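First the structure, in the form of C-alpha cells, and then the observations on it.
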Amino acid sequence: MGARKEALLFNFVEKNELLEQNEIAYYQTTFKDKPWFQLLYGVYATKKDAQSAADNLSPKIRKSSPWIRRLSSVQKAIRRKATQ
C-alpha cells in the first residue's frame with residue numbers, strides 16, 4: 001500500500017489491525033516530486049510465496065490492491081531517498 005500522507009498509512013494499519021502481525025514496516029520515498037509512504041508486509045523466499053500470502057490477506061486489505069516488490073527495489077528506493 002502506498003499513500004501520500006503518513007497519517008493515512010497509519011490509519012490503514014490501525015483500521016486493519018496490522019500492528020498485531022509484527023510483519024510490517026514502512027518507508028518514505030518520492031513519487032512525482034511529492035512524499036510517498038509505502039507499507040511493507042512480510043518478506044518471502046519466492047514471488048510465488050509472496051503471491052500466496054497476498055491472496056490470503058483479508059478482503060479489506062486485498063481491496064487496496066497490494067503489489068509484490070523485490071527487496072532489492074525497496075532497498076534501492078530507500079538508498080535513493082537517503083541521498084536526496
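Here are the numbers:
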| read-out | value |
| --- | --- |
| Check: the chain dipole with +1 on Lys, Arg Cβ and -1 on Asp, Glu Cβ, in debye | 540 |
| Radius 14 Å from Cβ of ALA25, net charge of other residues (Lys, Arg +1; Asp, Glu -1) | -1 |
| Residue among ALA7, SER64, TRP36 farthest towards the positive dipole end of the stretch 2-82, charges placed on Cβ | TRP36 |
| Integer Hz, Karplus 6.51/-1.76/1.60 couplings in order for the stretch 45-60, x for Gly and Pro | 5, 9, 5, 4, 4, 5, 5, 4, 5, 5, 5, 9, 5, 4, x, 4 |
| For the stretch 8-14, 3J(HN,Hα) per residue [Karplus equation, 6.51 cos²θ - 1.76 cosθ + 1.60, θ = phi - 60°, Hz, x = Gly/Pro] | 5, 5, 4, 5, 4, 4, 5 |
| Built amide H within the under 5 Å cut-off of SER64, gap 5+ | none |
| Proximal charge balance of ASP55 [Cβ under 15 Å; K/R count +1, D/E count -1] | +4 |
| Overall Cα dimensions of the chain - principal axes, largest extent first, Å | 36, 29, 22 |
| Pair GLN51, LYS5: separation of 7 Å Cα→Cβ label points (nm) | 3.6 |
| Residue-span extension gain [GLN75 to LEU40] - 0.36 nm each, minus C-alpha spacing | 11.4 nm |
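Values in this text are rule-based calculations from the coordinates and carry no lab data. Every value quoted in this text rests on a predicted model; they were computed, and no experiment measured them. Every residue, glycine as well, gets a Cβ built from its backbone with ideal geometry; the counts of neighbours run over all protein chains shown.
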